[in-house]
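The structure appears below as structure tokens.
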Amino acid sequence: MGNTLAKDSTHALAIGTNDSEAHPNRWFVARVQMNCEKRSALRINSLGIETFVPTQSEIHQWSDRRKKIERIVLPMLVFFRAQEAKAREIERLSFVRALMRAPGENRIATIPDDQIERFKFMLGHSDAEVTINHRVNKGDKVRIVRGKLQGLEGVVTTASDNRSIVSIAIDYIGYASIIISKSDLEIIT
């Protein structure tokens with residue numbers, strides 16, 4: 001009996017149907033209370049789950065002092081990476097209001113890994129403020145060719161004489177955007 005179980009487990013691994021392959025970790029979005037994003041992420045992280053709270057460093061100037069702060073880019077949202085069964089458990093935690101759902105559906109929304117990685121890159125390397133636009137016009141696909149964001153690809157959503165707004169899509173959330181000079185862009189075909 002024990003050998004049969006071992007053979008079945010070995011066979012499952014050989015054909016790629018073990019739990020880690022059949023149920024991969026994906027990025028989910030939890031809605032939490034206002035001003036509790038970091039605390040909620042720490043609590044989810046304490047369960048052994050990777051979390052991400054999008055922040056950007058800013059210098060705030062008052063008449064008597066300057067202070068560097070971490071601005072929450074997406075208030076009331078915490079991204080976490082887990083299997084769907086674990087995501088459903090997290091949704092039942094007292095500090096989680098709900099998981100983001102696909103529009104018009106009951107299924108839990110997932111965000112592709114590459115979108116999260118590009119978003120993290122944009123937040124970590126941009127000198128300009130990253131904003132989230134929920135509605136943008138479709139435009140040219142572009143790649144940034146100079147500066148700290150070199151290589152980042154996105155879509156031009158607004159353009160003026162010498163500046164453009166470049167956005168990267170984040171499914172179910174909207175677009176993360178920055179203002180950039182047109183001379184720093186090349187069109188991707």
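Each value in this text was obtained by applying a stated rule to the coordinates, not by laboratory testing. Remember, predicted model here, so these are calculated numbers, not experimental data. Backbone-built Cβ (ideal geometry, glycine too); neighbour counts: all protein chains shown.
Expected output is a single nm value to one decimal: the length gained when fully extending between V145 and D113, i.e. 0.36 nm times separation in residues minus the C-alpha distance. What is it?
Details: separation 32, 0.36 × 32 = 11.52 nm, distance 2.30 nm.
Once the chain is fully extended between V145 and D113, it gains 9.2 nm.
Which of the three applies to region 60-179, rounded, prolate or oblate, going by the alpha-carbon gyration tensor with a ≥ b ≥ c and a/c under 1.5 meaning rounded? Oblate, because a/c is 1.5 or more while a/b does not exceed b/c.
Based on the Cβ-Cβ distance of E153 and S94, what FRET efficiency does E = 1/(1 + (r/R0)^6) give at R0 = 35 Å, to the nearest 0.05? Given R0 = 35 Å and the Cβ-Cβ separation, E is 0.30. With the cut-off at 23 Å, tell me which of the pairs K38/K141; K38/K86; K68/K141; K38/K148; K38/K120 have Cα atoms farther apart than that. As for pairs spanning more than 23 Å Cα to Cα, those are K38/K141; K68/K141; K38/K148.
Classify region 76-140: rounded, prolate or oblate, from the alpha-carbon gyration tensor (a ≥ b ≥ c, eigenvalue square roots; a/c under 1.5 rounded; otherwise prolate if a/b is larger than b/c)?
On the way: a/c = 2.14, a/b = 1.65, b/c = 1.29.
Here region 76-140 falls in the prolate category.
Note on F121 and E84: with the Förster distance fixed at 22 Å, the Cβ-Cβ geometry gives a FRET efficiency of about 0.25. Think of region 26-163 as having a plus end and a minus end, set by charges on the Cβ of Lys, Arg, Asp and Glu; of M34, Q115, Q56, M34 sits farthest toward the positive end of this dipole.
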